[in-house]
Amino acid sequence: MFEVANKVHDETRQGEAYSPFINDTNTYVRKFYIESYGCQMNFSDSEIVASILNTEGFGATRNFEEADLIFLNTCSIREKAEQTVRKRLTEFKKLKHKNPSLLVGVLGCMAERLKSKFLEEEKLVDLVIGPDAYRSLPGLITEADSGQKGVNVLLSRDETYSDIAPVRLNSNGITAFVSIMRGCNNMCSFCVVPFTRGRERSRDAASIIDECQNLFNAGYKEITLLGQNVDSYYYTPEDGSSTITFAMLLEMAARVSPDLRIRFSTSHPKDITDDVLYTMARYENICNYIHLPLQSGSTRVLQLMNRNYTQEWYMAKVDRIREIIPDCGISSDIIAGFCTETEQDHKDTLQVMEYSTYDMSYMFFYSERPGTLAQRRYKDDVPEEVKKQRLQEIVQLQNRLSQQSNQRDIGKTFKVLIEGDSKKSSQDWMGRSSQNKVIVFPKNDYLFQPGNYVCVKVTSCTQATLLGEIVN
Ligand code: 5AD
Ligand code: SF4
């Protein structure tokens, strides 16, 4: 969920191939290729899968044509995400004709949602493995090798993979994601996640902090703590010591080193506490950035969405953030055209967006998902043209808000963590401000390198990027 440009949907990171070349692939007998779709949690899960496969003697490859095993780590959040995966599977079918021993596996949310239907409907799949069943991968691969179909879609109440050290995939060596919890108990009525990822459970705090420390020791400078709803993180250590809340976990992570930046995603407006905000304000290395999905600005629609807050509550939360962390960046997720949404509801959404002055948003039109509360209770009754028209208005407003937000930064100086070359030129560095904005600036005689912090004065901007120059 960390891209700067406004996105109409988050399928933009679909199909990224992973290549954990920390090991020499030639030492492995068989090679796997993994492609991830959807949210950051899936990308993080692929790193756990890579770790499990590495331990079992499989090496990763970036080239699917030389793979013995192909995995798609899939997303079900919107119908379009599922269609993309289906298309990709038919492409891999051609490879299976050429190489009959090739195994193709579906992992993640689509595996969980469709279960063995996948094997019946899509004859192209050999393995179907849900998000809580990755430990059974090696056994299922053995079964599939002998011609059986391997399926495990059992959800767990306690699996957090806390003891598995993820293999960092496609890493820039500077920024990493650390999963702190799994599943979701919120039951937002539009959302399939509680069904595909199961009940919420928090990972052992000590193992999270160990992972952060190990990343820092390996040269990483920024960690994003990941969960569907990080504010409900809640872990009671087995030794009976007191319960650790998200605010406490944040503080523990911030204390790993002042040179290690901490981010987190995603926050729920009903759950984010003053404690979290004050902890952010206290530690310079906890980034001043909150992803605070609005979904809708209409209290009536929010109620149908089962979001458990009102328009007023949300706006008061934004006020509170600005009060405690005056320069905090705020971004959002917005759904256009949810069941029964009227023109007035839509205007309410635009109004709250304007009030919140989001720096960035992920914007979607409502896509009915089978099995969700909304699908069972309400009619998907907003015509597609209306959904699209409203989405377009939302996108236009967000584009203006992003442009204005960037313009307000001109003349200001930000501490930037250099992540690498800018996309457009090897003469320029790309990094992020604490507020999660991308800043591009000339390298200045190569005095710095990725992983360094530099002060950058913003001189101009586009809608998606700040441009500046080093001032220290
Ligand atoms: N239709 C459209 N958008 C959805 N999201 C979740 N479910 C749906 C759906 N059925 C969006 C929400 C969520 C983000 C990850 O995806 O805005 O915050
Ligand atoms: Fe889905 Fe709501 Fe949970 Fe987010 S908080 S994963 S939108 S149910």
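Taking the criterion of being small (Gly, Ala, Ser) and over 18 Å from Pro166 (Cα atoms), the residues of segment 50-76 that qualify are Ala67, Ser76. Considering the conditions (1) in contact (Cβ under 8 Å) with a residue 60 or more places away in the chain; (2) within 16 Å of ligand 2 (Cβ to nearest atom); (3) in contact with an Asp or Glu (Cβ under 9 Å, 6 or more places away or on another chain); (4) open to solvent by 40 Å² or more (accessible area, probe 1.4 Å), Arg197 is excluded by exactly one of them, (4). Within segment 380-399, does at least one residue satisfy the condition of being charged (D, E, K, R), surrounded by 16 or more Cβ atoms within 10 Å (Cβ to Cβ), within 16 Å of ligand 1 (Cβ to nearest atom) and in a loop (DSSP other than H, G, I, E, B)? Checked segment 380-399: at least one residue is charged (D, E, K, R), surrounded by 16 or more Cβ atoms within 10 Å (Cβ to Cβ), within 16 Å of ligand 1 (Cβ to nearest atom) and in a loop (DSSP other than H, G, I, E, B). Would you confirm, using the coordinates I've provided, whether Gly227 is open to solvent by 10 Å² or more (accessible area, probe 1.4 Å) and either modelled with pLDDT of 95 or more or over 20 Å from Met41 (Cα atoms) (or both)? When the stated conditions are applied, Gly227 does not pass them.
Filtering segment 430-472 to residues that are part of a loop (DSSP other than H, G, I, E, B) and within 21 Å of the chain's Cα centre (by Cα) leaves Ser433, Ser434, Gln435, Asn436, Lys437, Ala464, Thr465. One residue stands out among those in segment 1-56 that are assigned to a helix (DSSP H, G or I) and open to solvent by 50 Å² or more (accessible area, probe 1.4 Å): the one that is modelled with the highest pLDDT, which is Thr55. Of the residues making up segment 286-308, those that are surrounded by fewer than 20 Cβ atoms within 10 Å (Cβ to Cβ) and either more than 24 Å from Asp345 (Cβ to Cβ) or touching a Lys or Arg at 6+ places or on another chain (Cβ under 7 Å) (or both) are Asn288, Asn308.
Per-residue answers, yes or no, for (1) away from ligand 1 (no atom under 15 Å from the Cβ); (2) in a loop (DSSP other than H, G, I, E, B); (3) more than 19 Å from Ala374 (Cα to Cα):
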residue	(1), (2), (3)
Leu169	yes, yes, yes
Ala176	yes, no, yes
Asn186	no, yes, no
Phe190	no, yes, no
Ile209	yes, no, yes
Asn214	yes, no, yes
Gly219	yes, yes, yes
Ile223	yes, no, yes
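So for segment 410-421 (the condition being part of a loop (DSSP other than H, G, I, E, B), open to solvent by 60 Å² or more (accessible area, probe 1.4 Å), farther than 20 Å from Cys461 by Cβ and charged (D, E, K, R)), does at least one residue qualify? No. The set of residues in segment 321-360 that are within 23 Å of Thr273 (Cβ to Cβ), in contact with an Asp or Glu (Cβ under 7 Å, 6 or more places away or on another chain) and either among the charged types (D, E, K, R) or within 15 Å of ligand 1 (Cβ to nearest atom) (or both) comprises Ile330, Ser331. Only strands (runs of 3 or more DSSP E) whose full extent lies in segment 252-358 are considered here, and the ones with at least 1 residues that are more than 17 Å from Leu225 (Cβ to Cβ) are 329-336. Within segment 256-278, restricting attention to residues that are buried (at least 21 other Cβ atoms within 10 Å of the Cβ) and more than 30 Å from Leu391 (Cβ to Cβ), the residue that is farthest from ligand 2 (Cβ to nearest atom) is Arg261. The set of residues from segment 368-379 being open to solvent by 10 Å² or more (accessible area, probe 1.4 Å) and assigned to a helix (DSSP H, G or I) comprises Leu373, Gln375, Arg376, Arg377.
The values are calculated or read from the model by the stated rules, or taken from the named source; none is laboratory data. In this text, all values refer to a predicted model and were calculated from it rather than measured experimentally. Don't worry about glycine lacking a Cβ; one is built from the backbone with ideal geometry, like all the others, and counts go over all protein chains shown. Accessible surface is based on the protein model in full, side chains and every heavy atom, while ligands, DNA and RNA are left aside. Shrake-Rupley method; radii C 1.70, N 1.55, O 1.52, S 1.80 Å.
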